[in-house]
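Below: one structure, written as structure tokens.
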Amino acid sequence: MRGAGERVPVTFVNADGLQLFGILHRPQRPRDDGTAILLLSPGVKMRVAPHRLYLKMTEQFVALGYPVLRFDFHGLGDADGEAPETLLADLYGATQVGRYVGDTVAAMDFMQRTEGCSQFIAAGLCGGALTGLLAAQRDTRIRSLVALSIPVILDGSHVDATRHMTAAQLQVTRAAYVNKLRFWRKDAWQGWLRLLTGRTQYSLALRSLFHPLAARLRHRGSSPATDGASPPADNTNPLFAPAFRTFLHTSRKALLVFGESDRLYAEFEAKFMSRHATALAPYASSYEVHVTKQANHIFSFAEWQQDALERCCQFLKQHHGERHPAPVSVTAR
Amino acid sequence: VTETPFYFRNGLHGLFGVLHSPASTSTGEVFVFCHPFGEEKLWTHRVFVAFARRLAAAGHTVLRFDYMGNGDSDGDFADMSLSTALSDVRCAIDQAKALTGVEAVNLVGLRLGATIASLVAETAPDIHRIVLWAPVVDGARYMQELLRINLTTQMAIYKEIVHDRETLVRLLERGETVNVDGYEIALPLYSEVASVNLSAARKQHLGGCLIAHVDRQERPSAELQQLAASYQASTLTFAQEEPFWKEITRWYRGAPNLFAVTETWLRAIA
């Protein structure tokens with residue numbers, strides 16, 4: 001990593017007395033507005049994130065003059081404590097209902113105490129992005145949110161995600177099944193073998209194959225727009241909409257970046273945007289949704305990362321101004 | 001038990017490490033951990049942390065660290081090769097010896113990290129015992145598996161293979177990088193790892209060697225048997241665990257069976 005300023009391993013404790021671990025990056029020429037960026041852990045992949053995405057983000061943000069703290073939530077990475085779940089889906093589910101909000105507040109307290117930072121930009125991928133949003137609901141020191149691949153649904157071993165697929169997801173699944181079973185494909189026998197030997201998920205196959213017919217019979221497409229007051233009937237996270245509305249209502253700014261190929265983008269559109277279009281309309285200038293063409297959930301390819309990170313930096317410049325370097329103290333030799 | 005995070009230098013790059021030190025009485029045994037490759041490193045991080053903490057609680061000292069271009073260390077992943085990783089492990093061994101005053105250390109490696117540990121032990125006289133968890137024995141096959149990940153991403157995004165495996169290798173040979181799960185692999189890493197056949201030669205390492213076959217079910221592994229036979233003093237054992245270096249349904253914060261067989265072996269030959 002080049003130009004990411006000084007990096008210092010740090011530890012601090014959360015409200016339960018558990019020691020959290022992070023790397024603090026201090027820019028050579030910091031801004032003078034006391035704003036820092038928290039890179040919130042996406043979960044198991046800790047303060048580094050998939051393919052070291054958080055180091056690449058850090059490099060960009062430090063170049064803009066922001067101190068950046070990327071740290072591990074309790075029970076993950078090098079932090080103390082345990083995440084007690086035995087299944088990943090349940091760990092993701094616990095993250096989605098705010099398990100790590102307290103750790104995020106502890107990180108802000110640490111940065112305020114030691115670095116003098118009084119306002120924050122919460123940034124992160126997936127569960128980290130959602131943790132930032134939920135933390136912002138509790139703590140107004142978070143002024144902006146930079147969210148990559150933010151989930152609007154709840155995971156968990158008790159949730160059958162295939163039962164709650166969006167129309168777009170069912171169409172893609174249907175196309176994949178149909179394609180695999182075409183007789184003229186050279187490898188079609190593999191698809192048929194899986195189908196006939198019980199290795200196909202029949203409920204999903206039937207639901208996707210008959211989805212167009214079922215949709216016509218029910219005379220409905222996507223779920224109708226609502227005011228968000230009623231609890232969702234599917235696997236949508238009930239905490240998401242109220243947190244997002246609170247965030248916008250308190251004049252804060254959000255950038256939501258998705259990969260075009262990420263199922264989370266389809267879920268965001270179908271299970272949040274379309275349902276809350278009316279409620280969101282007055283806040284159109286407070287948030288932006290940016291979609292990186294073709295990109296997947298973790299922005300694997302370099303061009304996807306470049307597109308997403310460029311947009312993140314533009315957002316920061318737009319809403320937090322260009323660099324305001326603090327005066328450099330001159331020491332007499 | 002104390003955990004001290006710090007950076008140490010190998011040439012131009014700072015390497016990130018965590019030193020786990022025992023609380024009171026030390027056994028004098030020092031372990032350096034060699035992490036696996038790419039996303040495998042991230043999936044297994046907590047298992048490494050958990051095992052380091054167990055060893056430290058038992059009175060041992062452990063140094064975990066990240067190779068250049070990996071984790072929290074400096075450098076770009078695309079500049080990593082097998083040579084740079086071997087150099088980094090060598091540097092970490094020297095660091096551990098300097099910090100603790102011991103003359104020889106033990107290595108613990110997982111997957112490609114186990115392969116690296118085995119290779120380092122062949123040239124270093126200051127390695128006492130080595131623990132190889134699910135080592136990558138056939139480097140060429142491993143690199144093919146990584147290229148397959150690129151193909152899978154292409155299929156998921158473009159619904160077709162735009163660059164087949166042969167084209168990807170040609171791109172590498174032309175000096176370009178190939179993306180595997182977001183990591184840019186360059187030719188040095190590809191060619192150096194692909195040339196590794198860990199069981200081919202008779203080993204020079206005279207200390208103890210534990211080779212752990214990690215699998216859901218116990219079944220013979222010819223390549224691990226061959227690897228074990230290439231050592232002068234080795235133990236091949238089985239640990240029933242999920243392949244926790246991949247994305248699986250279970251959340252692996254420890255590998256109790258693998259830890260147990262390793263600790264039993266360490267006690268037995270202490």
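The values are calculated or read from the model by the stated rules, or taken from the named source; none is laboratory data. What you are looking at is a predicted structure, and each value in this text was computed from that prediction instead of being measured. As a convention, Cβ positions derive from the backbone with ideal geometry for all residues, glycine included, and neighbour counts pool all protein chains shown.
Worth a mention:
- Within region A:118-128, being in a helix (DSSP H, G or I) and surrounded by fewer than 24 Cβ atoms within 10 Å (Cβ to Cβ) holds for no residue.
- Residue within region B:61-73 that is in contact (Cβ under 8 Å) with a residue 60 or more places away in the chain and surrounded by 21 or more Cβ atoms within 10 Å (Cβ to Cβ) present: yes
- Some residue of region B:28-36 being touching a strand residue (DSSP E or B) at 6+ places or on another chain (Cβ under 8 Å), in contact (Cβ under 8 Å) with a residue 40 or more places away in the chain and small (G, A, S): no
- Strands (runs of 3 or more DSSP E) wholly inside region B:180-270 containing at least 1 residues that are out of contact with any helix residue (DSSP H, G or I) (no Cβ under 9 Å at 6 or more places or on another chain): B:209-215
- Only one of A:P42, A:P27 that is surrounded by 18 or more Cβ atoms within 10 Å (Cβ to Cβ), touching a Phe, Trp or Tyr at 6+ places or on another chain (Cβ under 9 Å), in contact (Cβ under 8 Å) with a residue 60 or more places away in the chain and not hydrophobic (A, V, I, L, M, F, W, C): A:P42
Yes/no per residue for (1) farther than 27 Å from B:V47 by Cα; (2) not polar (S, T, N, Q):
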| position | (1), (2) |
| --- | --- |
| B:D138 | no, yes |
| B:D181 | no, yes |
| B:A201 | yes, yes |
| B:G208 | no, yes |
| B:R216 | no, yes |
| B:S221 | no, no |
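- Residue ID - nearest to B:G109 (Cα to Cα), chosen from residues in region B:234-270 that are touching a Ser or Thr at 6+ places or on another chain (Cβ under 8 Å) and of a type in the set (F, W, Y): B:W245
- Matching option when the condition is buried (at least 24 other Cβ atoms within 10 Å of the Cβ) and not hydroxyl-bearing (S, T, Y), among A:F71, A:F21: A:F71
- The set of residues from region B:201-222 being surrounded by 22 or more Cβ atoms within 10 Å (Cβ to Cβ) and among the basic types (K, R) is empty.
- Contact map, region A:107-136: first residue on the phi < 0 side of the Ramachandran plot, second residue aliphatic (A, V, I, L, M) and part of a helix (DSSP H, G or I), Cβ cut-off under 6 Å, separation 6 or more or different chains; pairs are A:C117/A:M111; A:F120/A:M108; A:L133/A:A243; A:L134/A:V101; A:L134/A:A243; A:A135/A:V101.
- Yes/no for B:Q217 being without any contact (Cβ under 8 Å) to a residue 12 or more places away in the chain and either over 26 Å from B:L147 (Cβ atoms) or among the charged types (D, E, K, R) (or both): no
- The number of residues in region A:295-311 that are buried (at least 22 other Cβ atoms within 10 Å of the Cβ), in contact with a helix residue (DSSP H, G or I) (Cβ under 8 Å, 6 or more places away or on another chain) and more than 7 Å from chain B (Cβ to nearest Cβ) comes to 2.
- Number of positions in region A:278-322 that are outside any helix (DSSP H, G or I), aliphatic (A, V, I, L, M) and under 29 Å from A:S118 (Cβ atoms): 2
- Strands (runs of 3 or more DSSP E) enclosed by region A:5-117 - at least 3 residues per element that are under 18 Å from the mean Cα position of the chain (by Cα), hydrophobic (A, V, I, L, M, F, W, C) and more than 10 Å from every other protein chain (Cβ to nearest Cβ): A:35-40, A:68-71
- Filtering B:P188, B:P256 for residues that are exposed (fewer than 14 other Cβ atoms within 10 Å of the Cβ) and either farther than 28 Å from B:E29 by Cα or free of Cβ contacts under 8 Å to residues at least 40 places away in the same chain (or both) leaves a single hit, B:P256.
- Among the residues examined, B:D79 qualifies as of a type in the set (D, E), surrounded by fewer than 21 Cβ atoms within 10 Å (Cβ to Cβ) and touching a residue at least 60 places away in the same chain (Cβ under 8 Å).
- Within region B:31-87, the set of residues being in contact with a Pro (Cβ under 6 Å, 6 or more places away or on another chain) and farther than 23 Å from A:H74 by Cβ comprises B:G59, B:S81.
- Residues being more than 29 Å from A:T35 (Cβ to Cβ), more than 14 Å from chain B (Cβ to nearest Cβ), out of contact with any His (no Cβ under 8 Å at 6 or more places or on another chain) and modelled with pLDDT under 95 are represented in region A:318-333 by at least one member.
- All strands (runs of 3 or more DSSP E) inside region B:1-109 with 3 or more residues being away from every other protein chain (no Cβ under 14 Å): B:30-34
- Of B:E218, B:E122, all but one fail to be of a type in the set (D, E, K, R) and within 24 Å of B:R90 (Cβ to Cβ); the exception is B:E122.
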